[in-house]
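The values are calculated or read from the model by the stated rules, or taken from the named source; none is laboratory data. Everything numeric in this text was worked out from a predicted model, so none of it was measured. No Cβ is skipped: glycine too gets one built from the backbone with ideal geometry, and neighbour counts run over all protein chains shown.
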């Protein structure tokens, strides 16, 4: 490994470790005690003729001071061959939607065209509501809600 990537990796790790306690310490005061933050994933997603995958669900969050998003990804696992027990897991992002953290329940829908193309059938989907919370000039993620759910992808 050359010096430049090693220095970048070391600096990133140090920055993460130094910033993590600050993000944890500031997350609690922003939450309203009477509102439970949630994100759901609909049990069926869609695949269009061109290969575009669309996922949807609902979310509820409170107390954001920075921009917030609902992101989603799919996780597929394939067996490499009939004679080998090994498998490959591929995680692909499926879009992102701006979130409004006002305590109300909102719908979200994300679409993108993953490569390699995804086939219809069962996949594992993870949806996350994340806010970018600024500490000085440094934006750090603050996670409001996350859910992993098996979804059936169906052709339109």
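Determine, yes or no, whether residue 43 is under 14 Å from residue 153 (Cβ atoms), at pLDDT 85 or above and surrounded by fewer than 14 Cβ atoms within 10 Å (Cβ to Cβ). Against the criterion (under 14 Å from residue 153 (Cβ atoms), at pLDDT 85 or above and surrounded by fewer than 14 Cβ atoms within 10 Å (Cβ to Cβ)), residue 43 qualifies. For residues in segment 121-145 being out of contact with any strand residue (DSSP E or B) (no Cβ under 9 Å at 6 or more places or on another chain) and in contact (Cβ under 8 Å) with a residue 60 or more places away in the chain, which is surrounded by the fewest Cβ atoms within 10 Å (Cβ to Cβ)? Result: 135.
Exactly one residue out of 118, 53, 62 is touching a helix residue (DSSP H, G or I) at 6+ places or on another chain (Cβ under 8 Å) and surrounded by 15 or more Cβ atoms within 10 Å (Cβ to Cβ), and it is 62. Listed by position, the strands (runs of 3 or more DSSP E) inside segment 68-145 whose residues that are more than 23 Å from residue 156 (Cα to Cα) number at least 3 are 68-79, 87-99, 121-135.
Of the listed requirements (1) part of a strand (DSSP E or B); (2) within 19 Å of the chain's Cα centre (by Cα), residue 64 misses just one: (1).
Can you spot a residue in segment 75-87 that is under 30 Å from residue 137 (Cβ atoms), touching a strand residue (DSSP E or B) at 6+ places or on another chain (Cβ under 8 Å) and either at pLDDT 95 or above or exposed (fewer than 12 other Cβ atoms within 10 Å of the Cβ) (or both)? Within segment 75-87, not a single residue is under 30 Å from residue 137 (Cβ atoms), touching a strand residue (DSSP E or B) at 6+ places or on another chain (Cβ under 8 Å) and either at pLDDT 95 or above or exposed (fewer than 12 other Cβ atoms within 10 Å of the Cβ) (or both).
Scan 19, 27, 99, 68 and give me the residue that is at pLDDT below 85, surrounded by 12 or more Cβ atoms within 10 Å (Cβ to Cβ) and under 22 Å from residue 148 (Cβ atoms). Testing whether each residue is at pLDDT below 85, surrounded by 12 or more Cβ atoms within 10 Å (Cβ to Cβ) and under 22 Å from residue 148 (Cβ atoms) leaves just 27.
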